[in-house]
Amino acid sequence: MTIREMLAEGKTQLKSSSVDTPALDAELLLGDVLRKSRAELLVHENVPVSETDRERFLSLVSRRKNGECVAYILGRKEFWGLEFSVNPHVLVPRPDTETLVEAALEYLSHRTFGSRRKESHVTLLDLCTGSGALAIALKNERPFLRVSASDISPDALETARLNADRLLGHTSDAVRFIQSDLFRNIHDRFDIIVSNPPYIPSGEISALPPEVRREPQLALDGGGDGLELIRKIIAQAGKHLLPGGVLLLEAASGQMPSISALFKASGFDGIKIYKDLAGMDRVISCSAAVLIP
């Protein structure tokens with residue numbers, strides 16, 4: 001059986017199980033088995049596949065048919081040009097979340113920190129870090145940042161640490177990791193706080209695709225209206241932001257008016273919304289104009 005025939009078989013099986021992207025998933029899975037890129041698969045489509053590799057490929061296809069996402073099967077996912085290790089302890093990084101990286105970089109490019117502090121003293125906290133995607137991507141883009149990353153899950157933090165070691169080098173101060181339920185164990189103030197918190201309403205989780213439902217509920221479930229964690233973050237963020245600091249949150253498009261109202265009620269200003277690649281409102285930010293004691 002050739003590569004082309006294997007891809008066709010995999011695509012047919014995945015399509016019969018209502019997988020959204022059967023051709024893409026088949027290419028990624030076979031590429032992993034054969035250690036070839038998707039482009040190489042096409043170039044070598046008439047090359048025979050061994051029976052051993054065929055069995056390995058069909059085993060992966062079976063896992064995908066049973067609702068396991070490709071990222072967990074392969075153990076990796078690309079985000080902001082970096083390849084992150086992922087597992088069922090962490091949310092799979094998504095392209096939409098790159099909007100948070102873009103928004104933080106935009107803030108850094110326009111913010112004047114003044115003579116009181118050097119650029120190398122600019123601090124950032126990634127709250128609910130999961131795989132560490134945001135913290136590591138931003139540290140990689142702006143090495144001068146002093147980055148901290150927190151999560152309630154020790155397993156998620158271990159994954160994030162491993163990603164930081166591999167992607168940023170084995171430097172002990174590249175990212176500081178803290179196990180914390182939101183701000184409970186956070187005692188510093190920051191110029192930037194970014195967070196992709198759980199924001200899916202509890203009642204909507206059962207309707208999510210099977211592969212998403214396999215991701216950690218802790219990273220998905222945002223309570224009754226999806227804003228339970230976001231309310232807590234906004235209520236406490238002022239005490240952890242430096243004057244002029246910014247809080248950036250990812251959320252669903254329809255939640256933006258409610259979050260904007262929560263910002264205003266907590267005394268934040270400079271509210272701004274950023275759209276993702278699909279043109280949907282994806283990130284909302286606010287500024288801390290004064291120091292909150």
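What's the number of the condition Leu41 fails, among (1) of a type outside the set (D, E, K, R); (2) at positive phi; (3) outside the structural domain of Ala174 (by TED's automatic domain parsing)?
(2)
Please pick out the residue among Asp181, Asp221, Asp188 that is in the same structural domain as Gly279 (by TED's automatic domain parsing), touching a Pro at 6+ places or on another chain (Cβ under 7 Å), acidic (Asp, Glu) and closer than 22 Å to Leu100 by Cα.
Values: Asp181 fails: touching a Pro at 6+ places or on another chain (Cβ under 7 Å); Asp188 fails: touching a Pro at 6+ places or on another chain (Cβ under 7 Å).
Result: Asp221 is the single residue among Asp181, Asp221, Asp188 that is in the same structural domain as Gly279 (by TED's automatic domain parsing), touching a Pro at 6+ places or on another chain (Cβ under 7 Å), acidic (Asp, Glu) and closer than 22 Å to Leu100 by Cα.
Select from the range 196-208 the residues that are part of a loop (DSSP other than H, G, I, E, B) and within 18 Å of the chain's Cα centre (by Cα) and write down the one among them that is surrounded by the fewest Cβ atoms within 10 Å (Cβ to Cβ). Lay out the reasoning, then the answer.
Of all residues in the range 196-208, those part of a loop (DSSP other than H, G, I, E, B) come to 196-199, 201, 208.
From what's left, within 18 Å of the chain's Cα centre (by Cα): 196-199, 208.
Details: Asn196: 26, Pro197: 19, Pro198: 21, Tyr199: 22, Leu208: 13.
Per the stated criteria, the residue is Leu208.
Report, ordered by the first and then the second residue, all pairs with beta carbons closer than 9 Å, sequence separation of six or more or different chains, a first member in the range 94-105 that is among the polar types (S, T, N, Q), and a second member that is crowded, with 20+ Cβ neighbours inside 10 Å and assigned to a helix (DSSP H, G or I).
That search, which allows pairs on different chains as well, returns Thr97/Ala133; Thr97/Leu134.
For (1) surrounded by fewer than 19 Cβ atoms within 10 Å (Cβ to Cβ); (2) more than 26 Å from Ala137 (Cβ to Cβ), each residue gets a yes or a no:
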site	(1), (2)
Arg4	yes, yes
Leu14	no, yes
Ser18	yes, yes
Asn46	yes, yes
Thr52	yes, yes
Asn87	yes, no
Leu105	yes, no
His110	yes, no
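If a residue has to be crowded, with 19+ Cβ neighbours inside 10 Å, outside any strand (DSSP E or B) and of a type in the set (Asp, Glu) to count, how many in the range 209-256 make the cut?
2
With the structure loaded, tell me whether Leu28 is assigned to a helix (DSSP H, G or I) and within 25 Å of the chain's Cα centre (by Cα) or whether it fails that test. Steps first, please.
On the way: assigned to a helix (DSSP H, G or I): yes; within 25 Å of the chain's Cα centre (by Cα): yes.
Yes, satisfied.
The values are calculated or read from the model by the stated rules, or taken from the named source; none is laboratory data. Predicted, not measured: the structure shown is a model, and the values here were computed from it. So basically every Cβ, Gly included, is an ideal-geometry build from the backbone, and we count neighbours across all protein chains shown.
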